[in-house]
Ligand code: SAM
Ligand code: SF4
């Protein structure tokens, strides 16, 4: 009899990618995907970077009691599952399977076992991705893990505890996987790691990330390459030059700054100071013509004074980020920063967040406006969700651009558009030509 699974994913690109693996593995075993209401197994891939993600997950889990009563296996995997282990079942006893971030290759047999009685599998030794099937979200884009885990232990962050120590995949394995995706029609490859700039440093004594970009660029000409996340301590001139000199690598770098005050950066354990970050941002803009710089910024870290916060605003202004993702500090149990005392009052956090987003929005709007009148290459993602009469594409600088729909389906095609207008978050354009 055909077995059916439903997959619910919470959190970042890493989790979405883990879900692609889980779906690929189950489909290889003959399972088919369906809605939770008609599934034999409902699998939740979870996040625990902020408390709000955990709350959302438990609320969703509570809503699954009815499908459990109909006989479905409820499985929780990913970061929260790794962090909570058995505790998760204490809070949500209707969960049959808890599986950690290194356990999803065994998902099919874990589900079978869990159908006979509750299972908790969270050991973190041995994760090999070689040859594991992976279901692609879209035919034209793919995500390929180059490093797993993280060794940085930024004091606020739970990732190293739930994803384990950093491990880089061998170059041949990455090439093999990218090759398979490209053969299957991928036009854009997104390389994933918590700190891509340390790719193979542990194994080979020096980072091979710049080499990886060059090798992928020459092995797969015409394919767009993107990567996330870069770490400001390790992001160096060699990588900047590899970006500049490899035509496939898109002019977009996500380089999380987190804060602009040396004191706060030190307390966060980031391993760089304000000046070093700014120098790298300026060097990047010099080395890579017309690059877009994106970042993550956190407000309200323990002990953050008004002066510290003003230093963040100043650095943000100096870096002129094209895109910024902003977060309010949230103490995560088990991390060193959680012991510092969450001493910035909520109203001060709110006020700082409002001032920060006002600035980052202004910078984004200015960056978008500067695109008007330019011709840009863009990869079409599909019909716009907001306005079905338009296609939505992403330029190499990762700006969304909307342009009028034609009869021909352009999903997954590379196009050239002339940018005719800019909104707060996206561009408007006119199709110039279809490139391929
Ligand atoms: N490895 C990446 C890096 O170094 O930036 C990203 C990891 S993390 C999943 C993504 C973002 O979440 C971080 O850049 C940080 O701004 C934010 N974040 C992590 N822990 C947080 C916490 N405890 N409170 C608020 N934001 C947090
Ligand atoms: Fe977390 Fe820092 Fe590692 Fe990023 S680099 S995952 S913020 S510990």
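The values are calculated or read from the model by the stated rules, or taken from the named source; none is laboratory data. As the structure is a computational prediction, the values presented were derived from the model and not from experiment. Counting neighbours? That spans all protein chains shown, and the Cβs are built from the backbone with ideal geometry, glycine included.
Considering every residue within the stretch 335-355, establish whether at least one is in the same structural domain as residue 158 (by TED's automatic domain parsing), touching a helix residue (DSSP H, G or I) at 6+ places or on another chain (Cβ under 7 Å), closer than 18 Å to residue 269 by Cα and within 11 Å of ligand 1 (Cβ to nearest atom).
no
So which residues in the stretch 229-267 are part of a helix (DSSP H, G or I) and either closer than 15 Å to residue 154 by Cα or out of contact with any helix residue (DSSP H, G or I) (no Cβ under 9 Å at 6 or more places or on another chain) (or both), if there are any at all?
262, 263, 264, 265, 266, 267
Here is a list: 190, 148. Which entry is within 26 Å of residue 277 (Cα to Cα), surrounded by fewer than 20 Cβ atoms within 10 Å (Cβ to Cβ) and either assigned by TED's automatic domain parsing to the domain that holds residue 413 or touching a strand residue (DSSP E or B) at 6+ places or on another chain (Cβ under 7 Å) (or both)?
Within the list 190, 148, the selection yields 190.
From the set of residues in the stretch 48-63 that are at pLDDT 90 or above and under 24 Å from residue 105 (Cβ atoms), which is surrounded by the fewest Cβ atoms within 10 Å (Cβ to Cβ)?
The selected residue is 61.
Those residues that are assigned to a strand (DSSP E or B) and in contact with a helix residue (DSSP H, G or I) (Cβ under 8 Å, 6 or more places away or on another chain), I need them from the stretch 88-143; list them, please.
If the condition is that a residue be assigned to a strand (DSSP E or B) and in contact with a helix residue (DSSP H, G or I) (Cβ under 8 Å, 6 or more places away or on another chain), then 97, 98, 99, 119, 120, 121, 142, 143 are the ones that fit.
Being buried (at least 23 other Cβ atoms within 10 Å of the Cβ) and without any contact (Cβ under 8 Å) to a residue 24 or more places away in the chain: is that true of residue 293 here?
no
When the stretch 393-410 is examined, which residues are found to be buried (at least 16 other Cβ atoms within 10 Å of the Cβ) and touching a residue at least 24 places away in the same chain (Cβ under 8 Å)?
Once the filter is applied, which keeps residues that are buried (at least 16 other Cβ atoms within 10 Å of the Cβ) and touching a residue at least 24 places away in the same chain (Cβ under 8 Å), the stretch 393-410 yields 393, 395, 396, 397, 398, 399, 400, 401, 402, 403, 410.
Pull out all pairs, ordered by first then second residue, where Cβ-Cβ is under 8 Å, the residues are six or more apart or on different chains, the first lies in the stretch 136-152 and is under 13 Å from residue 201 (Cβ atoms) and at pLDDT 95 or above, and the second is more than 16 Å from ligand 2 (Cβ to nearest atom) and not in a loop (DSSP other than H, G, I, E, B).
146/174; 146/212
In the stretch 356-392, what residues are more than 21 Å from residue 250 (Cα to Cα), surrounded by fewer than 16 Cβ atoms within 10 Å (Cβ to Cβ) and either in the same structural domain as residue 252 (by TED's automatic domain parsing) or touching a helix residue (DSSP H, G or I) at 6+ places or on another chain (Cβ under 7 Å) (or both)?
The answer is 357, 358, 361, 362.
Take residue 406 and tell me if it is farther than 17 Å from residue 140 by Cβ and in contact with a helix residue (DSSP H, G or I) (Cβ under 8 Å, 6 or more places away or on another chain).
The answer is no for residue 406.
List the number of the failed condition for residue 116; all other conditions in (1) away from ligand 1 (no atom under 16 Å from the Cβ); (2) under 28 Å from residue 64 (Cβ atoms); (3) touching a residue at least 24 places away in the same chain (Cβ under 8 Å) hold.
Here residue 116 meets the rest and fails (3).
Here are some residues: 325, 272. Which one is in contact (Cβ under 8 Å) with a residue 12 or more places away in the chain, surrounded by fewer than 15 Cβ atoms within 10 Å (Cβ to Cβ) and within 15 Å of ligand 1 (Cβ to nearest atom)?
Being in contact (Cβ under 8 Å) with a residue 12 or more places away in the chain, surrounded by fewer than 15 Cβ atoms within 10 Å (Cβ to Cβ) and within 15 Å of ligand 1 (Cβ to nearest atom) holds for just one of 325, 272, which is 325.
For the subset of the stretch 1-47 comprising residues that are at pLDDT 90 or above, part of a helix (DSSP H, G or I) and loosely packed, with under 14 Cβ neighbours inside 10 Å, which member is nearest to ligand 1 (Cβ to nearest atom)?
So the residue we want is 28.
Considering each of 225, 191, 175, 213 in turn, give the residue that is in contact (Cβ under 8 Å) with a residue 24 or more places away in the chain, more than 16 Å from ligand 1 (Cβ to nearest atom) and not in a helix (DSSP H, G or I).
That would be 225, the only listed residue that is in contact (Cβ under 8 Å) with a residue 24 or more places away in the chain, more than 16 Å from ligand 1 (Cβ to nearest atom) and not in a helix (DSSP H, G or I).
Residue by residue, here is whether (1) away from ligand 2 (no atom under 16 Å from the Cβ); (2) touching a residue at least 40 places away in the same chain (Cβ under 8 Å) holds:
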site	(1), (2)
301	no, yes
313	yes, yes
321	yes, yes
335	no, yes
351	yes, no
359	yes, yes
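What's the number of the condition residue 164 fails, among (1) at negative phi; (2) in contact (Cβ under 8 Å) with a residue 60 or more places away in the chain; (3) surrounded by fewer than 21 Cβ atoms within 10 Å (Cβ to Cβ); (4) under 22 Å from the mean Cα position of the chain (by Cα)?
If we test residue 164 against (1) at negative phi; (2) in contact (Cβ under 8 Å) with a residue 60 or more places away in the chain; (3) surrounded by fewer than 21 Cβ atoms within 10 Å (Cβ to Cβ); (4) under 22 Å from the mean Cα position of the chain (by Cα), just (1) comes out false.
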